[in-house]
Amino acid sequence: MKKISLILFVIILFSVVVLIYSYQSTKEQERYVVVLSLDGFRSDYPGRAKVPTLDSLAKAGVKAGFRPSFPSLTFPNHYAMATGLHPDHNGLVSNSFYAPDLDSIYRIGNRRAVGNPDFYGGEPIWVTAEKQGVKSASYFWVGTEAPIQGIQPSIWKSFDKTVPFTDRADSVVAWLQLPEDVRPHLLMWYIEEPDGVGHAVTPDSTAIVETIESLDGVLNHFFTAVRKLDIFPQIDFIVLSDHGMATYYPESYVNLNNYLPRDSFDYIFEGVPTLLYPKSTYVDSAYAILQRVPHVTTWRKHEIPDKYMYGTHPRIGELVVMPDIGTMLHFRAKDYPILGGAHGYDNFSPEMEAIFYAAGPSFKENEERPTMANVNLYLLVATLLGLDPAPNDGDSTAVQGLLK
Ligand SMILES: [Zn+2]
């Protein structure tokens, strides 16, 4: 009798376990995550324009400030969000840099470099997803053009700025209607505005408002279509940006060429910030000279303040020169002092802060959250999709604070 009840108990326990397991796996398979990045969308832009779609997202879900990683540039930040690792930890240390480990230069305009997986450390979220049997799709996201760990999203595209934004939206909607066995559950797409207009006319210009409103129109186009899908209630949406934008002025322009001899450097990557790779005999002299240059802060890489989480990766130049907000920094034969918009500056400055909106079945409703670091995206998406995350710099308290 005892033996029979024990067998019965084991059978019941087994079926309960099977039931729980199948319930969980169904739940995870039911979930979809769509992430859209609007490049250079500063956190104060929505307050300066009519953005009914963004406003409705905030009401339906969560809104927060989104702090870029240092340096506040496009490629390091898209890859930081994808991997949950600061650029210092993921190897994509700037838009352009020298990699001594590969004896090779990375430049965002160089297709061969962009497609070379050796430049990309860490594990982007689409690799985590594909490894765990969750299909992913990307319409332009930094890193998706390279087979990282031999893996790319099931669907991916080579960057082509001529594709209209609404066409990209339509493709994402079409992918959500693919047959279930090939349908991606993680979809990431990208729009290169309002970054372009911000650079051209400065973030203070009224031309920004026009672009912001037209982008809200693209969002409206997307949500109008996606709302009609049967799976709409299962989709978590995230709309974010990689960094903000700041105005720089001709009066505070700095050209390092007026202070330093070019031939004392192995590599120079000018801009905000500037990475310098001086010849070993010239490091101390260059550093001393740079301390006297106005409108910039120069660090030896090991002395960069901890809050920037930057300076340990071997690919970072020995000297990092960060201009103040308002200053454009060059290292070129001729001065070029103009008015314009730029980013790459101190990622803790309000001008560099980006947007973050999220709405869907997993998110709290009508909730404003404090500014958080953008490396939380990886952990957030992994949590939404029930994926086992790779090591990352995310903060689970910040992520849980967004969720129901
Ligand atoms: Zn950008």
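Numbers for the structure displayed
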{"item": "Within the stretch 161-258, strands (runs of 3 or more DSSP E) holding 3 or more residues that are away from the ligand (no atom under 16 Å from the Cβ)", "result": "235-240"}
{"item": "Neighbours by Cβ (under 8 Å, 6+ apart or cross-chain): first from the stretch 165-179, of a type in the set (Lys, Arg); second crowded, with 20+ Cβ neighbours inside 10 Å and modelled with pLDDT of 95 or more", "result": "168/139; 168/140; 168/189; 168/190; 168/191"}
{"item": "Residues being in contact (Cβ under 8 Å) with a residue 40 or more places away in the chain and of a type in the set (A, V, I, L, M) - total across the stretch 138-164", "result": "1"}
{"item": "Any hit, the stretch 57-69, residues being within 16 Å of the ligand (Cβ to nearest atom), touching a Leu at 6+ places or on another chain (Cβ under 7 Å) and not in a loop (DSSP other than H, G, I, E, B)", "result": "yes"}
{"item": "Qualifying residue in the stretch 119-126 (condition: within 16 Å of the ligand (Cβ to nearest atom), buried (at least 24 other Cβ atoms within 10 Å of the Cβ) and either in contact (Cβ under 8 Å) with a residue 40 or more places away in the chain or hydroxyl-bearing (Ser, Thr, Tyr) (or both))", "result": "no"}
{"item": "Matching option when the condition is within 16 Å of the ligand (Cβ to nearest atom), surrounded by fewer than 24 Cβ atoms within 10 Å (Cβ to Cβ) and under 18 Å from the mean Cα position of the chain (by Cα), among 95, 77", "result": "95"}
{"item": "Matching entry among 200, 246 (being surrounded by fewer than 17 Cβ atoms within 10 Å (Cβ to Cβ) and either over 26 Å from the mean Cα position of the chain (by Cα) or in contact (Cβ under 8 Å) with a residue 60 or more places away in the chain (or both))", "result": "200"}
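So that you can scan it fast, the table gives a plain yes or no per residue for (1) of a type in the set (A, V, I, L, M); (2) surrounded by fewer than 14 Cβ atoms within 10 Å (Cβ to Cβ); (3) touching a Ser or Thr at 6+ places or on another chain (Cβ under 9 Å):
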| residue | (1), (2), (3) |
| --- | --- |
| 86 | no, no, yes |
| 100 | no, yes, no |
| 134 | yes, no, yes |
| 162 | no, yes, no |
| 180 | no, yes, no |
| 183 | no, no, no |
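The values are calculated or read from the model by the stated rules, or taken from the named source; none is laboratory data. Every value quoted in this text rests on a predicted model; they were computed, and no experiment measured them. Every residue, glycine as well, gets a Cβ built from its backbone with ideal geometry; the counts of neighbours run over all protein chains shown.
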